[in-house]
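**Student:** Supplied in structure tokens, the structure appears directly below.
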Amino acid sequence: MSEQLTFEFKERPTIKGFPELRWTGKRPYRSTQYYPAQLRERYGEERDGWINRIYWGDNLQVMSHLLKEFRGKVDLIYIDPPFDSKADYKKKIKLRGQTVTSDSSSFEEKQYGDIWTNDEYLQFMYERLILMREMLSDEGSLYLHCDWHKSHYLRIILDEIFGVDNLVNEIAWCYKSGGAGERGYAKKHDTILMYSKTKEFYFNPIKEKSYMFPWSGENPAQTYYKDDKGRYTLVNVKDYWTDIGMIATSSYERQGYPTQKPESLLDRIITASSRPGGLIFDCFMGSGTTQAVAMRLGRRFIGADINLGAIQITTKRLITLAAELDAEQEAKPQFTLLTGGKDYQKVERVAEDSMNYHVAASAEDNEDRVNEVEIDDSTKVLPYTGFEVYNVNNYEFFRNPLEARDLLIEALEIQPFPQSDIWDGELDGRMVKIMPVNRIATKADLEELKANLPYKTYEKRKEENPKQPVEKITLICMGHEPDLKASLEAELSEYKLDIEIVDILRDKADLQLKRDSEADIAIKGGRLVIRAFYPLNLMQKLSLQKEFVEDWRQLVESVMIDWNYDGAVMQPSVMDVPGKKEMVKGIYDIPEGAGTIKVKITDLLSESLEVEVR
């Protein structure tokens, strides 16, 4: 690692009289180390010295990376983590435009799994919630979105980490869609747990209409309004939300990502718990709803997800939204807000529904009014539309963690053990354990293995052959802590073990885990022409041969082109991101002064081919 930084956390004392959740293998989480990140792509420009960030990687490592710069600086965290719903979530992959001449033109692709052992899930959430608290500012708050599967456990964990007195609300988000319960009442609400970092948390109450049915006369203590439904007064929104529904099947919001939440839900949360310009964080990003709403509401944001499909979907969504918002800004007058010394200027809205303001008057000689400048939090300000995409730990092997185990088993020719609770398979007489992918393996990852080893069998082997190893073990990982092997040997020192670590990033760097894409790209008459593109992994899943593809553009989600690639960070000036029923152009005019051209073609599986043309 380029920097050896360690961040330590204070352990909160046990509160007398309050319960603390225990689980098998519960481990204190008192420190983490800095992980590097690699800037890969940039879209748009900075504003006021800020550009938004998207990270691909394990969010534990992402937050460990972010602590160096953002510890205590995040104003609002919203997360929609795994619910332990015991389900695999899938996205339907369907060709664009007309179907090809083949029996298969669509299939379902697993996006992520939500199947855990209880202890594993609780430790996973415990560690990440500790880091989230470290990232929050003193005015910050956390919204954790969950449901009946684990809400009771998560609340107790949050009590331990944030303090019992810092529970602000347990919100019930009620919705009507879906079927009725057959052996019980239909489960038609999610739970959103809101916790604050301190008692100084920011909160802007959201108002809703409360109709007076029947009308019984005015109350002098209330202000009344009237619309086509009748008379009403404005009241603060309660902790049960029945006015926000699930996303309709035909909604423009739909990104084809499972468990996607509606923008109106995030709009309420972000508006209530952050100021314009505040910093929003979501490390279970999914389809990027938090980031999209934050951008639209003029907040800064950081997002992260371990699934590359989520990164690609979010990137595409933000590019489209940024173009819309930038176009709106170009068509309307801008505003300047100065709040220091004699630079005070009064700011007024251009129109009731406008995102823009203009300077109405100057008050250079009125220094005592400087601190009175405020824009009501319900209004909108200029959006931060630029963003960067980073990798943490530079993982390129796996687009989808669900596929990792099967891909490794196939590529390394491991004999799989599908029914084993301990081993993933056997290779050359050695028991194989595949460690977590898309992040480095740590000593903490060994706990589950140690808890399940067949110690009775080891005792017998030790007695029969004391000089021979009781087991030959191969651990397969994507990077690992340097003392991983020594740690396992020390903790199992009563047994002679033959332990081997295979680091895919180091030892198997040339391992082919999936079929690469192919493209035919040429420069003709001052234009860049994509003549053909064959994403072989996608085509294999569709059971397609090259000769059956009517138009390669049917297989493509987007095309990005950087006309002056600097060899490190891609900064596309062409972002061909078509609508759901459209296809990419495939032919692009090359501007004068173009240098090294880099093309990124992303297919329907969110897998990308990046090619330098010249």
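Just so you know, all these numbers are worked out from the coordinates, no wet-lab data involved. Computed from a predicted structure; not experimentally measured. All Cβ positions, glycine included, derive from the backbone under ideal geometry; neighbour counts span all protein chains shown.
**Student:** Relative contact order (percent) for region 518-612, with alpha-carbon contacts under 8 angstrom and 6 or more residues of separation?
**Tutor:** Relative contact order of region 518-612: 29 percent.
**Student:** I've got another one for you. Rounded to the nearest Å, what's the spacing between the alpha carbon centres of region 1-79 and region 521-572? Just the number, please.
**Tutor:** Computed from Cα coordinates, the inter-centre distance equals 36 Å.
**Student:** Related question: Of Lys176/Lys197; Lys197/Lys238; Lys150/Lys456, which ones are farther than 28 Å apart at the Cα?
**Tutor:** Lys176/Lys197; Lys150/Lys456
**Student:** Another question about this same structure. Using a cut-off of 12 Å between beta-carbons, work out the net charge of the residues near Ala323 (Lys and Arg +1, Asp and Glu -1, Ala323 not included).
**Tutor:** Here the count lands on -3.
**Student:** Something else about it: Counting other Cβ atoms within 10 Å of each Cβ, which GluC sites (Glu not before Pro) in region 461-537 have at most 11 and sit in a DSSP loop?
**Tutor:** Qualifying residues, ordered by number: Glu494.
**Student:** While we're here: Ranking request for peptides 42-54, 243-255: highest mean number of other beta-carbon atoms within 10 Å first, then the rest in descending order.
**Tutor:** Descending packing order for the listed peptides: 42-54, 243-255.
**Student:** Continuing with this model, one more query. If you wrap a convex hull around the C-alpha atoms of region 518-612 and split its volume per residue, what is the figure in Å³?
**Tutor:** Here the figure is 101 Å³ per residue.
**Student:** Also, quick follow-up: Where does each of 282-289, 322-329 land if you order them by average Cβ count within 10 Å, highest first?
**Tutor:** 282-289, 322-329
**Student:** Based on the mean of other beta carbon atoms within 10 Å per residue, what is the order of 61-74, 194-207, 227-240, most packed first?
**Tutor:** Those peptides, ordered most packed to least, come out 61-74, 194-207, 227-240.
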